[in-house]
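Data block below; observations after.
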Amino acid sequence: MTVFRSLMILFSCSLIVGCSNTMDEVNKFFSKEDLREEIARDVEIMYSDSAIVRVIIKSPVMKRYLERQQPIDEFPEGILVEFLDEHKNVSSWLEADYAIRKESEKKVYVENNVVLYNKKNDKLETDELIWDEGKREIYTDKFVRITQPERGDTSFGFGLFANQEFTRFEIRRKFSAIKSIEDLDVE
């Protein structure tokens, strides 16, 4: 038994001595860009206010760029944001094919197939939307389409301002009597 113990001690010492790489040798395996980027899969982020979860963000992939001046979270494969009320019930939810969160601005920029729903199943569709986390507001200058099934109404326009629960909203330039959506110049 003492021979075995002596061999284990000798083996352990040789491992410790054999693993003495300098930082220069380790850094050869990583670029500076690798060290500034983190990638996470199947992400679920919860934001709370006064110990109450208010927002849940889900995404298949999140890339975090660790720039000192402007840390950025990128969601290149889409994002789902659930806004919760004080009872932890979903009050509205936002989906998009792409998003970037700029930490210093406390804003999330979503684009491509952006859809926002509320509890009444009202639906906002647009190509680009900005969510201001601090002010709890959502806005865009792009073309918007809002469908309100309870009212049997669909509204079109350019530009929108809404609360993040999507219970109050204002279309900046609204179109009322449209014969065909193709008649609009949305570019």
Quiz item: Volume per residue, Å³, of the convex hull around the alpha-carbon atoms of region 81-122?
Solution: 77 Å³
Quiz prompt | Cα-based convex hull, region 61-104, per residue volume (Å³, whole number) | solution = 83 Å³
Practice problem: Can you give me the P(r) profile for region 72-167? Cα pairs, bins 5 angstrom wide beginning at 0, each as a whole percent. | Solution: 3, 14, 24, 26, 20, 9, 3, 1, 0
Quiz item: What's the local net charge at residue 159, with K and R +1, D and E -1, over the other residues with C-beta under 10 Å away?
Solution: +2
Quiz item: Can you work out ³J(HN,Hα) from phi for every residue in region 143-149, in order, using Karplus 6.51 cos²θ - 1.76 cosθ + 1.60 and θ = phi - 60°, giving whole Hz and x for Gly and Pro?
Solution: 4, 10, 10, 10, 10, 10, x
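The numbers here are math on the coordinates, done by the rules we state, and not lab data. What you see is a predicted model; the values in this text were computed from it and never measured. Cβ: placed from backbone, ideal geometry, glycine included. Neighbour counts: every protein chain shown.
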